[in-house]
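Presented below is the structure to which this report refers.
All of the numbers you see were taken from the coordinates with simple rules; none came from a lab. These figures come from a predicted structure and were not determined experimentally. All Cβ positions, glycine included, derive from the backbone under ideal geometry; neighbour counts span all protein chains shown.
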Amino acid sequence: LLKACAREDKGIFLLVKTSNPSSGELQDRLIDGRPVYEVMGEMAEAWGEEQRGEFGYSSVGAVVGATYPQQLRQLRKALPHTFFLVPGYGAQGGGAGDVAGAFDENGRGAVINSSRAIMCAYQKEGCAEDDFAAAARREAERMRDEINGAIGRLDYAHN
């Protein structure tokens, strides 16, 4: 798969520490005294070593959930060249402070996913269904601003 990614200029994401409550059933199990999510993260970093782009991130990324902010910060430190896909923001309970640790000191290295909170924003706002797109846009912009604010406040030297 890595050869295909290199040949086609594509990327992949490995499930490392997902946002669902039952993720620990597998991802927190120990291999030689270390959680599976740490081992998978190291594999992502190693497999992407030869495919780094202009900003230092490889084409092998890691899915790391917003609902586990401590592990998210730990993995960002351990995986400086691995791009993160971060589910769990919004409806699943992850907030801006939780996802801030996914980004590097330049505010790069992660994309935050929020599906339900954006898709159902019209319900949260109590507006008509035909205002779906505008409500979704307002929610996405609100989330963007909230995350940008959290990134600006994050002290990378102490997290």
Inset, instruction - Give a quick list of chymotrypsin sites (Phe, Trp or Tyr not before Pro) in region 1-101 that DSSP marks as loop, anything other than H, G, I, E or B, with at most 13 other Cβ atoms within 10 Å. - result: F55
Inset, instruction - Let me have the relative contact order for the chain, percent, based on Cα pairs under 8 Å that are six or more residues apart. - result: 18
Legend entry - Using θ = phi - 60° and Karplus 6.51 cos²θ - 1.76 cosθ + 1.60, couplings along region 15-28 (whole Hz; Gly, Pro as x): 6, 10, 9, 6, 7, 5, x, 8, 4, x, 4, 10, 6, 9
Inset, instruction - May I ask for the longest run of the chain untouched by trypsin sites (Lys or Arg not before Pro) that are loop-located per DSSP and have at most 15 neighbouring C-beta atoms (other than their own) within 10 Å? - result: 30-107
Legend entry - Long-range amide H partners of F84 with built H, under 5 Å: A62, A110, V111
Legend entry - 10 Å Cβ shell holding at most 16 others, DSSP loop, GluC sites (Glu not before Pro): longest site-free stretch of the chain: 106-159
Legend entry - Integer Hz, Karplus 6.51/-1.76/1.60 couplings in order for region 4-12, x for Gly and Pro: 5, 4, 5, 5, 9, 6, 10, x, 9
Legend entry - Of all DSSP beta bridges in the chain, antiparallel share, percent nearest 5: 20
Legend entry - Label-to-label distance, nm, for residues given as D32 and V111 (7 Å Cα→Cβ offset): 3.3
Inset, instruction - Using a 10 angstrom cutoff on alpha carbons, build the Gaussian network for the chain and name the most mobile of G90, G107, G48. - result: G107
